[in-house]
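The values are calculated or read from the model by the stated rules, or taken from the named source; none is laboratory data. No experiment lies behind these values; they were computed from the predicted model shown. Ideal geometry is used to build each Cβ from the backbone, glycine not excepted, and the neighbour counts take in all protein chains shown.
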Amino acid sequence: MSRTVSRGRRLGLRPADEVAPGQAATAGAGHGQYPRVRPRRNRADPWVRALVAENRLAVEDLIWPVFVQQGGRAREAVPSMPGVERLSIAALVDAVGAAGELGIPAVALFPVVPPALKSAAADEAWNPDNLCNRAARALKAAVPGVGVICDVALDPYTSHGHDGLLRDGRILNDETVEVLCRQALAQAAAGVDVIAPSDMMDGRVGRLREALDGAGRQDVRVLAYAAKYASAFYGPFRDAVGSKAALGRADKRSYQMDPANGDEALRECALDIAEGADMIMVKPGMPYLDVLRRVKDAFAMPTFVYQVSGEYAMLRAAAERGWLDGEAATMESLLGFKRAGADAILTYAAVEAARRLKAG
Ligand code: PBG
């Protein structure tokens, strides 16, 4: 039997509509059925469009990444991310409280670490009272109902801006994982609900799970940045946290994935799931929708996607110039993630999207 006919059956076409063997491949799939079949009938009115919609974006799908800074001003704009601000802990608590009121389930917390606290060994990463942990404690005390997610990676804390320890120009895997475990334990002690290894070292999910369990923290979840690509779209984020200057001209291609690869994303996800990840993530988002779909189909795991800083910056920049309807394009990009299989979406536009969804 031809592929066309079996595809026709899968699409729900009745046998009477099927084409005879040997007939044109496209005939059974639609064209030949006009004028009886008119797909536009299901698009003609808002109520029928609502009934046949396959995917919906809800505020419950959104995770808001936030930047926290110490000292100085309560709020400081990030020039390459219009609308995004670095916040003091007090301002962060207010902002996250407001996000919680809107129904946003969780935030992802990123510290802006002063250069004086960065070092080759990233010791500040596992300081129980570092900025990230102080902010997490403040959030869990003031807004306990909002989930707090924290990156596990060394780049905010290393003087060279890499996610791992560096020796002779190479990133050390196993030594880095040891430090990541210390970092995660300090985060767990600060009340972080979800640790999110974003470092892409081999074997880190398993070691982090063991370390948490060994400390009696079976309750802390692991969201693995499982398919994280070495992307040019992280530039504005590195501006925001101040790791760009530290990194200089170096790149992260010896640990983050090659944008050329899709099968490798499935292998990375399989490993992280086997090592105990509770949720997996694909990052960036818009240029990797194919990866998102493949990962969701292959593993049926809670699958998150990160609409990263560069994607946000593109949307905002075009909107500022009047080249795009920023709100419409943003909402479309988020719905596209749902269609591609995302269960939750990290986006800097979470608050504006939540307001938009609430307005109906
Ligand atoms: C750090 C980290 C990065 C992002 C999230 N965690 C940057 C990087 O890997 O260089 C990027 C987020 C964004 O661009 O919005 N490991």
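For (1) under 28 Å from GLU268 (Cα atoms); (2) over 13 Å from the mean Cα position of the chain (by Cα); (3) at pLDDT 95 or above, each residue gets a yes or a no:
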{"residue": "LEU289", "(1), (2), (3)": "yes, no, yes"}
{"residue": "ARG294", "(1), (2), (3)": "yes, yes, yes"}
{"residue": "ASP297", "(1), (2), (3)": "yes, yes, yes"}
{"residue": "ALA300", "(1), (2), (3)": "yes, yes, yes"}
{"residue": "SER309", "(1), (2), (3)": "yes, no, yes"}
{"residue": "ALA318", "(1), (2), (3)": "no, yes, yes"}
{"residue": "LEU324", "(1), (2), (3)": "no, yes, yes"}
{"residue": "PHE337", "(1), (2), (3)": "yes, no, yes"}
Test result for LEU212, within 22 Å of GLU178 (Cα to Cα), assigned by TED's automatic domain parsing to the domain that holds LEU87 and in contact with a Leu (Cβ under 9 Å, 6 or more places away or on another chain): yes
Only one of PRO156, PRO144 is out of contact with any Lys or Arg (no Cβ under 9 Å at 6 or more places or on another chain) and either in the same structural domain as LEU109 (by TED's automatic domain parsing) or within 16 Å of the ligand (Cβ to nearest atom) (or both). Can you tell me which? PRO144
Give the number of residues within segment 306-328 that are free of Cβ contacts under 8 Å to residues at least 60 places away in the same chain, crowded, with 17+ Cβ neighbours inside 10 Å and among the small types (Gly, Ala, Ser). 2
Being assigned by TED's automatic domain parsing to the domain that holds ARG134, buried (at least 20 other Cβ atoms within 10 Å of the Cβ) and more than 12 Å from the ligand (Cβ to nearest atom) is the requirement here; does ALA190 meet it? yes
Looking for something part of a helix (DSSP H, G or I), under 27 Å from SER309 (Cα atoms) and among the β-branched types (Val, Ile, Thr) - is there at least one such residue anywhere in segment 210-223? no
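Yes/no per residue for (1) at pLDDT below 95; (2) under 25 Å from GLU268 (Cα atoms); (3) within 16 Å of the ligand (Cβ to nearest atom):
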{"position": "SER119", "(1), (2), (3)": "no, no, no"}
{"position": "ALA122", "(1), (2), (3)": "no, no, yes"}
{"position": "ASP129", "(1), (2), (3)": "no, no, no"}
{"position": "HIS160", "(1), (2), (3)": "no, no, yes"}
{"position": "ASP163", "(1), (2), (3)": "no, yes, yes"}
{"position": "THR176", "(1), (2), (3)": "no, yes, yes"}
{"position": "VAL179", "(1), (2), (3)": "no, yes, yes"}
Complete set of residues in segment 105-142 that are part of a strand (DSSP E or B) and more than 23 Å from GLY164 (Cα to Cα): ALA106, VAL107
Could you give me the residue pairs with C-beta distances under 8 Å whose first residue belongs to segment 95-107 and is under 16 Å from GLN307 (Cβ atoms), whose second residue is of a type in the set (Asp, Glu) and not in a helix (DSSP H, G or I) wherever it lies, and which are 6+ apart or on separate chains? ALA106/ASP193
Would you please list the contacts, defined by Cβ atoms under 8 Å and residues six or more apart or on different chains, that run from a residue in segment 181-201 that is over 14 Å from ALA211 (Cα atoms) and in contact (Cβ under 8 Å) with a residue 24 or more places away in the chain to a residue that is away from the ligand (no atom under 14 Å from the Cβ) and among the hydroxyl-bearing types (Ser, Thr, Tyr)? none
Flag if ALA245 is within 27 Å of GLN70 (Cβ to Cβ), surrounded by fewer than 16 Cβ atoms within 10 Å (Cβ to Cβ) and within 16 Å of the ligand (Cβ to nearest atom): yes
Subset of segment 218-242 [within 9 Å of the ligand (Cβ to nearest atom) and at pLDDT below 95]: ARG238, ALA240, VAL241
